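*Asks:* Got a structure here, written out as structure tokens. Questions coming.
What follows is calculated from the coordinates using simple rules that are stated; it is not laboratory data. From a predicted model like this one, the values you see are computed outputs, not experimental measurements. Neighbour counts are summed over all protein chains in view; Cβ atoms, including those assigned to glycine, are modelled from backbone coordinates with ideal geometry.
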Amino acid sequence: MIQLGQDIKFLQGVGPSRASLLDKELGIKTVGDMLTYYPFKYVDKTRIYNISDIDGSMPYVQIKGEILSADTVGEGRGRRLVARLSDGTGVVELVWFQGIKFVMKNYSLHTQYIVFGKPTVFGGRINIAHPEIEKADDGRQMADSNGGMRFVPSYNTTEKMKRSNLNSNAIRKLMQTMFAMFDHPFPETLPSYLVEKNHLISYDDAIRNIHFPKSPDMLRKAQARLKFEELFYVQLNIQRYVRDRNRKYRGIIFPRIGDAFNGFYHNHLPFELTNAQKRVLKEIRKDMGSGRQMNRLLQGDVGSGKTLVALMSMLIAVDNGCQACMMAPTEILAEQHLQTLRAFLGDMPVRVELLTGSVKGKKREKILHDLLTGDVHILVGTHAVIEDNVAFCRLGLAIIDEQHRFGVAQRAKMWQKNAVPPHVLVMTATPIPRTLAMTLYGDLDVSVIDELPPGRKPIETLHMFDSHRAHIYKKVRQEMEQGRQVYIVYPLIQESEKIDLKNLEEGYVNVCKEFEGYSVSKVHGKMKPAEKDAEMQRFAKGETQILVATTVIEVGVNVPNASVMVIENAERFGLSQLHQLRGRVGRGADQSYCILVTKYEISTDTRKRIQIMVDSTDGFEIAEQDLKLRGPGDLEGTQQSGMAFDLKIANIATDGILLQMAKDAAQLVLDNDPDERNPQNDILWRRLQELRKTNINWGSIS
Ligand code: ADP
Ligand code: MG
């Protein structure tokens, strides 16, 4: 009999060297870890397709045929081996970019093979990259070694593991060995009332069928059970945290609306608030008057007028004898906020000051002093604001702009600025799909500004090929001749930083040549912050007409006179990122343009993504699509949020219904058993504690 907590090296067939490989590559240390290493797909290996029936939409196919020819083509990084395989109904191309020698040595022409892989269609030809391939007469043995299974589980493994023969097949055998040793049921991991209420199968059934499904139906049920459970514990963790926070902290109560708010509203507000702004302000007012500490996320597309909502919320704090602060992720944004707020307030007796890393010496001392006496009402700044030496007289409201750079831990730091924690409003222009928000920012209430101020012309988005540069530049020139400004953005990702920088430099030189007589700014992440800011300021002030940049301009910069956003290598950006970039134009009343530049030859996927951008200007819709196309792992903010964690089986993009069920279930548990006295729930608290130990991010929110 083996135990779940037992070191994996004691499992028959593992041993010390495989154990260390499993740990290093997959983080599997114990038998229990192994058990929750789920297959990423199941293959019906009884079915062999005709090549003529294959299309690019099929996930995986198995075919049988003979190799007609094999040739290496291309040079350098593009070098690859292309083999043509025929089954009499058609031909597919098998392609290898790596291990070419190995393939050449081990497979021969005019022999029957069983080939398995994901087909893609490119230029009318079907190809399968890096297929699994084996001799056809080995096929029968293979079927036997599957133990007559119809659905054979496949496990993800790494290159290193494959080189040591620890491939998917080997993992499957280990799983079989392991299950053979558990001859009695795995203990239940949820209270039985939850299992019944949510129509779930038992843990034992689920864990066995997730690895070795008896039928498609059992596989579905196993997935549902394990996904539910995973999401449930995430929700339980978040909601329990929220409950404890609400118990621990009483919120400051702002009962009054006074001179600051009313004076601004009646004498200074330059335009009518949108209905969405009014609604959100009401929600915020209600929170701040409730006696509970507000923890609210304000989502609103770029240009939806969040700053104004922030200001008016801060004025409520001022009316109630409190101070407010507003934090931005960069100095330039903090500076812009300062100017915007001061311009809005005009001659009102509300004092707004700026605190960033660059505010030094006497000036800094004075601000810190006046902050402590309460003479500064509103403090705008960067991270500098949460440094320990910054103390307020009575901080009542903290606003964090562009939340994805601030995690839960940093937010919590704001609270320590006061005996009673201030209300917290987190603002973001990165629309987060509802399901993701529930998980990542589950501890925050959500308000949404879903309406743009009137009179905005939607940005016109165009897709152009880089071979049509003359067209692109013509548009740019037309706009500049009317006195407008232009952004040209290049991608920058870590791995290819050198190449990207080279692209940017070349682009810069070309643009300077093309637009002689205009001034061009250049900004990228490798520049010193002060240099970068200075260059951005030149563009913001209109001293330069073109800004060539990497994505450093993504967040928040406001230059209403800019009317064209050219995005080079647009295929390399995520949709949400493209949307953010696009939001830098269209800030004035005139028509603006976004030009997405790609190569002529792009994949179907890229074409789809670009088309979404051309068709839609709705950030939420784009975010949903992005989540579907890329999965939650890549979305910005998932790492820093502090609620992030690795989901082993559930998928935020597609498991929305289960997520809602899990959320309701967690709520029910906490409502019915607030003091955690019900013995039926003991199992929950114990398990939660175990999970918190193994998940760093979970620990960090307590
Ligand atoms: P964001 O939500 O992206 O931070 P801003 O707060 O920067 O948006 O607002 C964008 C622009 O819209 C600003 O110039 C702001 O003054 C203006 N604005 C905000 N609210 C309204 C409104 N209700 N009517 C007209 N213009 C508005
Ligand atoms: Mg903003």
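*Asks:* Among 112, 625, 578, whose Cα projects farthest towards the positive end of the dipole of the chain, with charges put on the beta-carbon of Lys, Arg (+1) and Asp, Glu (-1)?
*Replies:* 112
*Asks:* Relative to the present Cα-Cα distance, how much length would full extension add between residue 9 and residue 466 at 0.36 nm per residue of separation?
*Replies:* Contour length minus the Cα-Cα distance gives 159.0 nm.
*Asks:* Which length gain, in nm to one decimal place, applies between residue 188 and residue 677 when the Cα-Cα distance is subtracted from 0.36 nm times their residue separation?
*Replies:* Using 0.36 nm per residue and subtracting the Cα-Cα distance, I get 174.1 nm.
*Asks:* Something else now. How long is the gain from residue 526 to residue 177 if the chain were fully straight, where each residue apart is worth 0.36 nm and the alpha carbon distance is subtracted?
*Replies:* Gain on extension, residue 526 to residue 177, equals 120.4 nm.
*Asks:* Moving on. 222 nm [θ] for the chain, helices only, -39500 (n - 2.57) per DSSP H run of 4+, per residue, to 500?
*Replies:* -12500 deg cm²/dmol
*Asks:* Placing +1 at every Lys and Arg Cβ and -1 at every Asp and Glu Cβ, with all other atoms neutral, what dipole size does the chain have around its Cα centre, in debye to the nearest 20?
*Replies:* Value, rounded to 20: 760 debye.
*Asks:* I've got another one for you. Net charge near residue 195, counting Lys/Arg +1 and Asp/Glu -1 over other residues with Cβ under 13 Å of its Cβ?
*Replies:* Combined, the nearby Lys, Arg, Asp and Glu give -2.
*Asks:* Provide the FRET efficiency to the nearest 0.05 for the residue 250-residue 36 pair, computing r from the beta carbons and using R0 = 51 Å.
*Replies:* Here the calculated transfer efficiency is 0.80.
*Asks:* Can you give the net charge of the other residues whose Cβ lies under 12 Å from the Cβ of residue 445, counting K and R as +1 and D and E as -1?
*Replies:* So the surrounding residues net to 0.
*Asks:* Could I have the simple spin-label model distance between residue 457 and residue 510, label points 7 Å from Cα toward Cβ, reported in nm to one decimal?
*Replies:* With each label placed 7 Å out from Cα toward Cβ, I get 2.7 nm.
*Asks:* Do any GluC sites (Glu not before Pro) in the range 514-604 lie in a DSSP loop with no more than 15 other beta carbon atoms within 10 Å, and if so, which?
*Replies:* Here the GluC sites (Glu not before Pro) that fit, given the DSSP loop and packing criteria, are 516, 543, 601.
*Asks:* How big is the dipole moment of the range 255-302 about its Cα centre under a simple scheme where the beta carbon of each Lys and Arg is +1, that of each Asp and Glu is -1, and everything else is neutral? Debye, nearest 20, please.
*Replies:* 260
*Asks:* What's the FRET efficiency of residue 388 with residue 419 using the Cβ-Cβ distance as r and R₀ = 22 Å, to the nearest 0.05?
*Replies:* 0.90
*Asks:* Of the peptides 94-101, 205-212, how do they stack up when ordered by the mean number of other Cβ atoms within 10 Å, highest first?
*Replies:* Peptide ranking by packing, descending: 205-212, 94-101.
*Asks:* Using the charge dipole of the range 216-323 (Lys, Arg: +1 at Cβ; Asp, Glu: -1 at Cβ; taken about the Cα centre), state which of 303, 266, 252 has its Cα farthest towards the positive end.
*Replies:* 252
*Asks:* Around residue 126, which amide H atoms from residues at least 5 apart in sequence, or from another chain, sit under 5 Å from its own amide H, with H modelled in the peptide plane?
*Replies:* Amide H neighbours of residue 126: 93.
*Asks:* Further question: Out of residues 5 or more away from residue 395 or on other chains, whose amide H comes under 5 Å of its own, with H placed 1.01 Å from N in the peptide plane?
*Replies:* Amide H to amide H, under 5 Å and 5 or more residues apart or across chains, residue 395 pairs with 323.
*Asks:* Another question about this same structure. Calculate, for residue 108 and residue 158, the FRET efficiency according to 1/(1 + (r/R0)^6) with r their C-beta to C-beta distance and R0 35 Å; round to the nearest 0.05.
*Replies:* Calculated value: 0.75.
*Asks:* 7 Å from Cα along Cα→Cβ at both residue 279 and residue 481: what's the point-to-point distance in nm?
*Replies:* 4.4
*Asks:* Mind scanning 24/101; 29/693; 248/417 and naming the pairs with a C-alpha gap bigger than 26 Å?
*Replies:* The pairs that break the limit, which is 26 Å between Cα atoms, are 24/101.
*Asks:* Further question on the same structure: Treating only the Cβ of Lys, Arg, Asp and Glu as charged (+1, +1, -1, -1), what charge dipole size does the range 196-266 show about its Cα centre? Round to the nearest 20 debye.
*Replies:* 220
*Asks:* Would you grab the residues whose amide H sits under 5 Å from the one on residue 523? Only those 5+ places off in sequence or on another chain, please, with H modelled 1.01 Å from N.
*Replies:* So residue 523 has HN proximity to 548, 549, 550.
*Asks:* Moving on. For residue 199 paired with residue 591, estimate the spin-label separation in nm (one decimal), with each label point 7 Å from Cα along the Cα-to-Cβ line.
*Replies:* Those two pseudo-labels are separated by 5.4 nm.
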